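A quick write-up on the structure given underneath.
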Amino acid sequence: MSRRVLIVMASDSDLEAMTPAVRLLKELKIEHEVRVASAYRSPDRAISLARTARAEGFGVLIAASGGAAHLAGVLAAQTTLPVVALPIAVGALAGYEALLSAAQMPSGVPVASVGVGAARNAALFAAQILGASDEGIAAALETLRSKQEAAVLEADARVKTKLEAVRP
């Protein structure tokens, strides 16, 4: 059975920030599910999602939250599946407190983290985790990388053309 990605957002207000991850998972044809659960306002729900994730066919979790951002840690404490934290930019520190919350997890309960608001990278990292044991996902990632390289080469050609037109 192919593993899926479980995206857990602390609030429905995180959906806009999470959308690039959803788009990329769709592009890569990776099954995923998006749920809302709060480490503070619905801790039993968050714990239940984490504890049942493997049995429900998930292979990696993405936890999107801002502020103190304990969602990733709560999920990681309840599963042995990889958890990728996506810090959301909110509040006076613009998401950096969320980044530190994920990056400074205590020994024994690891959480991987991407940059503040880096939803696309969270999805890419989740895809790479799944792609380590799924040839279809690995091939989709190779195709994506080839497209990215082609876009860079096209940009390089455009810059070269523009610079050739510049007169001394």
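Each reported figure results from applying straightforward, stated rules to the coordinates on display, with no laboratory input. Model, not experiment: these values are computed from the prediction. Positions of Cβ are backbone-derived with ideal geometry, glycine not excepted, and every protein chain shown enters the neighbour counts.
Tabulated data for the structure shown
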item: In degrees, nearest ten, helix 15-27 long axis to first principal axis of the chain (Cα); result: 70
item: Value in Å of the Kirkwood radius, where the chain supplies the Cα pairs that are averaged; result: 16.8
item: Highest to lowest packing among 54-66, 152-164, scored as the average C-beta count within 10 Å; result: 54-66, 152-164
item: Calculated FRET efficiency for the pair residue 80/residue 151, C-beta based, R₀ 35 Å, to 0.05; result: 0.40
item: Centroid-to-centroid separation of the range 48-70 and the range 141-168 [C-alpha atoms, Å]; result: 38
item: Residue-averaged [θ]222 nm for the chain, counting only DSSP H segments that reach four residues, each worth -39500 (n - 2.57); result: -15500 deg cm²/dmol
item: Full-extension gain in nm, residue 128 to residue 42, via 0.36 nm per residue minus C-alpha separation; result: 28.0 nm
item: Coordinate range along principal axes, alpha carbons of the range 67-142, Å, largest first; result: 42, 25, 14
item: Under 23 Å from the Cα of residue 160 - lysines, other chains or at least 8 residues apart; result: 147
